[in-house]
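Peer 1: One structure is given below, represented as structure tokens, and several questions about it will come after.
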Amino acid sequence: MKNEVVLHSASYLTPEGFGNSSSGSRQWPGEDGAPADPMDLAGISWSSLFDSPCPRFGRMDLLSRLGLMAVELLGVDFAARSDDERRETGVALLTPTGSLSTDLAFLRDISPSTFVYTLPSSVVGEMCIRHRLQGPQLCLTSGSSGGRTILDEAAERIHLGEARAMLCLACEARSADAVEALDFALAKPSPFCWDVYALYLVQGAGGETPKEKTVGAGVEVRAACLDLCKAGE
């Protein structure tokens, strides 16, 4: 018999704003209450959103920064989890263009600090290091159907008893260089964009929040995330 899987919490960050399933949606803080430049993620610091320190944040690539901010925004206290729980918590990541932005940056300016992020799965490693997670780790580079596939894969790890909980993220980060490369390769416009949607999946009802929802087959990460965040407003 398969274990039941539920959506425990959700979070997202986009140029328009950010939010989670506990407190709903918010705009980026800016001067006189106006949103900050939505296209300048480099101008959004870790400390502007979180009290907890993240010493490695300034050295990370854009994809890793987005992933770690989304996981922190979930509000899950991994430090309070037991060693066994962390050993059985995994990460599943969808990133359509992977580390393309970092790959191009590395070719332009070869350096060891950039090289470590020239794999799409680097962000998965950063999450596992920060929260000491040792469960299954998946990284998928895919198109429009990937959001459904990665959520199904994350849920399956719990269904099969391979994990007690899973972080599931859909994350994209395209630099200006990446956009130019995609325009050339695809022969059509590919706009600059960055966004991330995160879900925390757990086994059983959990009983930790009234907003938990059972995961159904074929659900897309972004839709499931925004639906759960809307319920928190």
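Peer 1: Hey, could you check region 199-215 for residues that are in contact with a Ser or Thr (Cβ under 8 Å, 6 or more places away or on another chain) and either outside any loop (DSSP other than H, G, I, E, B) or polar (S, T, N, Q) (or both) and say which is modelled with the lowest pLDDT?
Peer 2: Among residues in region 199-215 that are in contact with a Ser or Thr (Cβ under 8 Å, 6 or more places away or on another chain) and either outside any loop (DSSP other than H, G, I, E, B) or polar (S, T, N, Q) (or both), the one modelled with the lowest pLDDT is Thr209.
Peer 1: Evaluate the following for Val76: is it within 14 Å of Cys171 (Cα to Cα), modelled with pLDDT of 90 or more, touching a strand residue (DSSP E or B) at 6+ places or on another chain (Cβ under 7 Å) and surrounded by 17 or more Cβ atoms within 10 Å (Cβ to Cβ)?
Peer 2: no
Peer 1: Condition check: modelled with pLDDT of 85 or more, in a strand (DSSP E or B) and in contact with a strand residue (DSSP E or B) (Cβ under 8 Å, 6 or more places away or on another chain). Does Leu93 satisfy that?
Peer 2: It is true that Leu93 is modelled with pLDDT of 85 or more, in a strand (DSSP E or B) and in contact with a strand residue (DSSP E or B) (Cβ under 8 Å, 6 or more places away or on another chain).
Peer 1: Further question: Under 7 Å by Cβ, and 6 or more places apart or on different chains, what pairs join a residue from region 6-25 that is free of Cβ contacts under 8 Å to residues at least 40 places away in the same chain with one that is among the polar types (S, T, N, Q)?
Peer 2: Final answer for the pair search is Gly17/Ser25; Gly17/Gln27.
Peer 1: Six or more apart or on different chains, Cβ atoms under 8 Å: show the pairs whose first residue is in region 216-232 and in a helix (DSSP H, G or I) and whose second is exposed (fewer than 13 other Cβ atoms within 10 Å of the Cβ) and modelled with pLDDT of 85 or more.
Peer 2: Between residues of region 216-232 that are in a helix (DSSP H, G or I) and residues that are exposed (fewer than 13 other Cβ atoms within 10 Å of the Cβ) and modelled with pLDDT of 85 or more, the close pairs are Cys229/Gly24; Lys230/Gly24.
Peer 1: Select, from Glu162, Glu153, the only residue that is in a loop (DSSP other than H, G, I, E, B) and of a type in the set (Asp, Glu).
Peer 2: On the way: Glu153 fails: in a loop (DSSP other than H, G, I, E, B).
Testing whether each residue is in a loop (DSSP other than H, G, I, E, B) and of a type in the set (Asp, Glu) leaves just Glu162.
Peer 1: Taking interchain pairs and intrachain pairs at least six residues apart, which have beta carbon atoms under 6 angstrom, with the first residue in region 42-61 and touching a residue at least 60 places away in the same chain (Cβ under 8 Å) and the second outside any loop (DSSP other than H, G, I, E, B)?
Peer 2: Qualifying pairs under 6 Å: Cys54/Trp46; Asp61/Thr102.
Peer 1: Taking into account only those residues within region 16-49 that are in contact with a strand residue (DSSP E or B) (Cβ under 9 Å, 6 or more places away or on another chain), surrounded by 17 or more Cβ atoms within 10 Å (Cβ to Cβ) and modelled with pLDDT of 80 or more, which is nearest to Arg65 (Cα to Cα)?
Peer 2: Phe18
Peer 1: To continue, here is another question. Looking at region 125-170 only, could you name the residues that are in contact with a strand residue (DSSP E or B) (Cβ under 9 Å, 6 or more places away or on another chain) and free of Cβ contacts under 8 Å to residues at least 40 places away in the same chain?
Peer 2: If the condition is that a residue be in contact with a strand residue (DSSP E or B) (Cβ under 9 Å, 6 or more places away or on another chain) and free of Cβ contacts under 8 Å to residues at least 40 places away in the same chain, then Gly125, Cys128, Glu156 are the ones that fit.
Peer 1: Any idea which of Leu138, Leu104 is in contact with a helix residue (DSSP H, G or I) (Cβ under 9 Å, 6 or more places away or on another chain), part of a helix (DSSP H, G or I) and not aromatic (Phe, Trp, Tyr)?
Peer 2: Residue meeting the stated conditions: Leu104.
Peer 1: Among the listed residues Arg174, Arg164, which satisfies the condition of being of a type in the set (Lys, Arg), buried (at least 17 other Cβ atoms within 10 Å of the Cβ), over 18 Å from Phe57 (Cα atoms) and modelled with pLDDT of 85 or more? First the steps, then the outcome.
Peer 2: Working: Arg174 fails: modelled with pLDDT of 85 or more.
Going through Arg174, Arg164 in turn, the sole match is Arg164.
Peer 1: Determine, yes or no, whether Glu88 is surrounded by 15 or more Cβ atoms within 10 Å (Cβ to Cβ), farther than 16 Å from Glu172 by Cα and either of a type in the set (Gly, Ala, Ser) or in contact with a Gly (Cβ under 7 Å, 6 or more places away or on another chain) (or both).
Peer 2: The answer is yes for Glu88.
Peer 1: Next up: Need the failing condition index for Cys128 against (1) touching a Phe, Trp or Tyr at 6+ places or on another chain (Cβ under 8 Å); (2) modelled with pLDDT of 95 or more; (3) assigned to a helix (DSSP H, G or I), just the number.
Peer 2: The failed condition is (1).
The values are calculated or read from the model by the stated rules, or taken from the named source; none is laboratory data. Fair warning: this is a prediction, and the values are worked out from it, not measured in the lab. Positions of Cβ are generated from backbone atoms using ideal geometry, with glycine treated the same way; all protein chains shown enter the neighbour counts.
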